[in-house]
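Report on one structure; see the data block that follows.
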């Protein structure tokens, strides 16, 4: 075996042991982000075995702190030779142990440096989203090209196509590369994404390159946090160099319509799909989104606006939570002060912080005209007037929440009857112990008349009260065995109660004389 290969394997093993003990606990990198990173590794004949082993060691150290898997970072390795060789795809390894072992098994290809073919293969098979073995849809994609810089080939065109499709490009050259070509292919800014380093000193750029990858992933994915039913907080990495502003547009998603950022999903303009627009200064990295609808999917577009350079717009989707359990009002509705033509309706609890107003709808059952009354969000009762007597109403109290939703509760109420008093009563003695009663009646809802009489002078125990119930069509009656000086009363009877009656005292004499009294 070649002595240089043996030495390279020994050095690589020592590095793995040291790296495993030092970097696996890097909390700032673990679970940092979600995206796919493709390493394009020069494995041609122009790269010596020692250089290749150093590149692999550098890769191992670079990716070691990342969390891998479906919800974290995906890592793929594509080697450049006469023909491209995919060492492993994004979904191949979800643990660091598996990834590190795969790197340690990687062998150099040799042959020509055909980077153009490797980039075409990467574009069509590895970095293409949604295809089997390709990148994950909707996630940031990063291409890290590690090369010795010798005869890079005509790579500007393929690299430009990848950047146009949203792939961020970073380059690490081991010192002999063409600066003009390499600076043309990286994603701006060049000073953050192009690295020249001697093969012996690659480890000195490890942390900077790792941070650059993380920043790209975070910058290309808007983060929506602290989502409630009516608000959310948007976070991003600042990309403006102190000048310009961020244009943020967000609106609810409606199927088949164009969104605020020009993409599918949201109906722009007025109406139910009207989107909101806010701006933030160049130094900002977050924004509060408010006045959202509960349980609604929103599309967000963030556009960095600057006269100095152009930036890609960023988009994200999120769904607000359902209305909080704190949405309680109205939890109860009560009725009081019921009268002939009015009734007081009360509700609670009051929630002025989240309720904009209350609305009462009421109509006589079964099919009366609907009436609507609106009251303040700080009012918990109102009196409904001009109601029909002796009528059942359905009353609905609705709380209009600031989120645009409503909560309602209904109750049935009844107005009182019109208890019309007896208008006239005439008493005539017709004998020594009998009287004739006459009165005027016939009010609506009358059920009959209640006649009572008893002596005013005798104790109640010795002269019990006498009673007589008469149907509503009778307007007179004759009473016999009436005690002297008896008080005789006639009251109208309605469904729910008696109306006010009239009373007369029967005075008997040898001659019957008509006598009447109006109360």
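General observations
- Ranked list, fewest to most other Cβ atoms within 10 Å of each Cβ, for 409, 327: 409, 327
- Sorted fewest first by neighbouring Cβ atoms within 10 angstrom, 33, 414 come out as 414, 33.
- Taking the C-alpha atoms only, the angle from helix 96-105 to the longest principal axis of the chain is near 20 degrees.
- Taking the number of Cβ atoms within 10 Å of each Cβ as an exposure proxy, the fewest-first ranking of 365, 427 is 365, 427.
- Global geometry of region 26-91, whether rounded, prolate or oblate, following the gyration tensor of its Cα atoms and the 1.5 cut on a/c: oblate
- Folded to 0 to 90 degrees: helix 206-219 orientation relative to the chain principal axis, Cα: 40 degrees
- Gyration tensor (Cα) of region 391-494, equivalent ellipsoid semi-axes in angstrom: 49, 16, 9
- Two-decimal log10 I(q)/I(0) for the chain, as the Debye equation yields it once each C-alpha is a single scatterer, q = 0.09, 0.13 Å⁻¹: -0.81, -1.18
- Mean separation of Cα pairs under 8 Å and 6 or more residues apart, divided by the residue count, gives the chain a relative contact order of 8 percent.
Throughout, read-outs are computed from the coordinates displayed, never taken from laboratory work. Just so it is clear, the model here is predicted, and its values are computed rather than measured. Please note: Cβ atoms are built from the backbone with ideal geometry, for glycine as well, and neighbour counts cover all protein chains shown.
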